[in-house]
1. Among the listed residues A:Ala230, A:Ala278, identify the single one that is more than 24 Å from A:Ala40 (Cα to Cα), more than 10 Å from every other protein chain (Cβ to nearest Cβ) and among the small types (Gly, Ala, Ser).
2. So A:Gly240 passes all but one of these: (1) on the phi < 0 side of the Ramachandran plot; (2) surrounded by 20 or more Cβ atoms within 10 Å (Cβ to Cβ); (3) more than 10 Å from chain B (Cβ to nearest Cβ); (4) at pLDDT below 85. Which condition number does it fail?
3. Considering each of B:Leu259, B:Leu271 in turn, give the residue that is more than 9 Å from every other protein chain (Cβ to nearest Cβ), within 18 Å of B:Met37 (Cβ to Cβ), in contact with a Gly (Cβ under 6 Å, 6 or more places away or on another chain) and modelled with pLDDT of 85 or more.
4. Look through the stretch B:40-92, keep the residues that are over 10 Å from the mean Cα position of the chain (by Cα) and among the hydroxyl-bearing types (Ser, Thr, Tyr), and return whichever of them is surrounded by the fewest Cβ atoms within 10 Å (Cβ to Cβ).
5. If I go through the stretch B:148-198 residue by residue, how many of them are touching a residue at least 60 places away in the same chain (Cβ under 8 Å), in a helix (DSSP H, G or I) and more than 14 Å from every other protein chain (Cβ to nearest Cβ)?
6. Out of the stretch B:97-124, which residues are more than 8 Å from chain A (Cβ to nearest Cβ) and surrounded by fewer than 22 Cβ atoms within 10 Å (Cβ to Cβ)?
7. For the stretch A:39-47, indicate whether the set of residues that are outside any helix (DSSP H, G or I) and out of contact with any His (no Cβ under 8 Å at 6 or more places or on another chain) is non-empty.
8. Pull up the stretch A:155-205, narrow it to residues that are among the small types (Gly, Ala, Ser) and surrounded by fewer than 15 Cβ atoms within 10 Å (Cβ to Cβ), then point me to the one that is nearest to A:Leu246 (Cα to Cα).
Amino acid sequence: MVFWQILIDGFAISSLYALGATGFALIFGVSGVLNLSHGALMVAAVVAAWAAGNDLHAGPYWGAALGIAVGFALSLVTYFAIVRPLQRTRKIREEEKEIFILTATLLWGIMIQQMIAYLYTDNAKTVAPIVQGVVSLAGVRTPTNEFFTAVVCWLAIAVLWLLVNRTRAGKAVLAASMNPLGITLLGVELSRVYIAVWAIYGVLVGVAGVLLGMFLGISSYSAGPLTASAFSIVVLGGLGSVPGALIAAYVVGYLETITAYLVSPAYRTIPALLLLIAVMYVRPRGLLGRR
Amino acid sequence: MRTISTTRILLIALAIVVAAAFLPLWVTGYVLGLLIMAYYSGVFAMAWDLLFGFAGEVNFGPTFLIGTGAYTAGILDNLYQPPIWLCIAAGTLAAVLGGVVLALPALRVRGPYFGLTTLVAVLMLQNFIVVDAHLTGGENGLTVPDVISISDTVNYEIALWFMAASGAILFLLSRSPVGLILQASGQDAVQAGALGFNVTKHKLTAFIISAFFSGLAGALLVFYVGSASASSIVDITVGVQIIIAAVLGGRRTILGAVLGAVFLVVMSEALRPLGDLSNFVVFAMALVVVLLFPNGFFGLLTRSKEDA
């Protein structure tokens, strides 16, 4: 009984983690940017979807669409207003740019968070799920929405895989993650690749955010923990490795679910953090890391 | 940026501190309270700048060290009521041990990986505080029975001179040969090692010194405020404020960090009429400074002197 419960719940939450962390890993793999406003972007998508249903009385599909649109738009703003100016400036030494991008995206994330709290208070918000109802499976009653979440997450990941491996633009992205200098020598505009990656990332963040909002109540306080969980999943999997991030998402998702069910919800995040520390001591580049 | 001599900067800073020491004659207790918080966060930011600006270690967890110091001192006082100086000493010692623990991964992993370890350290401490509520007071916070003094003026002078002393020590250290070696190991550890410097030893020293001042300031802060809570001294947003103060003031300047900390406190006070939006504006201004003036206030000051 509990076993099936853990299996099903863990699968749904892990799929969400996987989708959220994939975008994060993609950005790092291609442009070397750790986007610490990640969680805030997800929260913004949730709140947009919630506000569409609550204030504009839009249906769940329109709400989801608005949420994804907000994630997409904010992701491009993050790139054009914050990341790109820092990457191009000459005032900062090259080796210090990393910390500046970290600080700036962190500040940007907090700004989004504060603005959301100001406009819509910091109460937790739940987005009306697209699929209603409950399914009984192996004696466990599970909201249909959990299955829907897992399916959509995997569809989105599959589409991303096809995009990266089967299209010309996607192959350019893949090549840029392997060797940025090489691809500029082949005549591909690197800044276009970056824009494409941030656009893809925006859609992924929007989808992951909206699904998360249907699954759990999300408030502006969730931004920090969401960034931290994406960060730790990506480090666990190996920075920049998307398959690694997928595996790590399942490890972390199940570890958290098992702890929450068998020990206590208060200890939920602790084993995953301990695992992370252990992995970093034994194998600092993560499970499938390249460097 | 080494345009002004060390002695000149120290003399100017001393003049400002002496002037600030007379502030209690003119301003109200409320303003003093704000400045006390600004001075303590100034020390936090200076200690952070030593690690980041000089040793090149991105520490997202300054609050791990501060929290360790503050909570050790507070819990000790709660349990046994020893003299306050003993609590503060114990807190500082615990923070130094915490600094060594934090330094161990730094000697193995670099850059973002180390940044994450420090973030994890903060999350672990926060979890510990919530789970061990019978010791730490959990989410309600920890209340200590003793305070150093109830007089605003005494507390203010303690904070001011503590900040001045820490600042002087950290600043002199940063301009000493040790500071240069730290800077070299931060920029290129391999080459610094090839030149015969013991990178590991120097980095460990930087962590211990940073932890010493963070923990001492954290413990003093507990006995000024009379309480400690995870959201006010350990939470990641507190750490972010410290990092922002250091970057705003100008990294690798040590003293700039105090400017940044005072600026943050003054700004959030001046923008109070904006209500919930005030934090937004403060962070937006910080972002503009990061984007447009990456050298911070201190960078602007030294440059304008250079032009003159």
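1. Details: A:Ala230 fails: more than 24 Å from A:Ala40 (Cα to Cα).
Sole residue among the options that is more than 24 Å from A:Ala40 (Cα to Cα), more than 10 Å from every other protein chain (Cβ to nearest Cβ) and among the small types (Gly, Ala, Ser): A:Ala278.
2. (1)
3. On the way: B:Leu271 fails: in contact with a Gly (Cβ under 6 Å, 6 or more places away or on another chain).
After ruling out the rest, the residue left standing is B:Leu259.
4. Taking the stretch B:40-92 first, the residues over 10 Å from the mean Cα position of the chain (by Cα) are B:51-61, B:64, B:67-92.
Cutting the leftovers down to among the hydroxyl-bearing types (Ser, Thr, Tyr) gives us B:68, B:71-72, B:80, B:92.
Values: B:Thr68: 29, B:Tyr71: 29, B:Thr72: 24, B:Tyr80: 9, B:Thr92: 24.
Among them, the one singled out is B:Tyr80.
5. 22
6. Applying the first criterion (more than 8 Å from chain A (Cβ to nearest Cβ)) to the stretch B:97-124 yields B:97-104, B:106-107, B:110, B:114, B:118, B:121-122.
Listed by number, the residues that qualify are B:Leu97, B:Val100, B:Val101, B:Leu104, B:Leu107, B:Arg110.
7. Taking the stretch A:39-47 and keeping what is outside any helix (DSSP H, G or I), we get none.
The answer is no, given that none of the residues of the stretch A:39-47 is outside any helix (DSSP H, G or I) and out of contact with any His (no Cβ under 8 Å at 6 or more places or on another chain).
8. From the stretch A:155-205, those among the small types (Gly, Ala, Ser) are A:156, A:158, A:169-170, A:172, A:175-177, A:182, A:187, A:191, A:196, A:199, A:202; that's our starting set.
Of the ones still in play, those that are also surrounded by fewer than 15 Cβ atoms within 10 Å (Cβ to Cβ) are A:158, A:169, A:182, A:187, A:191, A:199.
Numbers: A:Ala158: 12, A:Ala169: 23, A:Gly182: 27, A:Gly187: 32, A:Ser191: 27, A:Ala199: 20 Å.
Selected residue: A:Ala158.
The values are calculated or read from the model by the stated rules, or taken from the named source; none is laboratory data. Source: prediction; values computed, not measured. With ideal geometry, Cβ positions are generated from the backbone for all residues, glycine too; neighbour counts draw on all protein chains shown.
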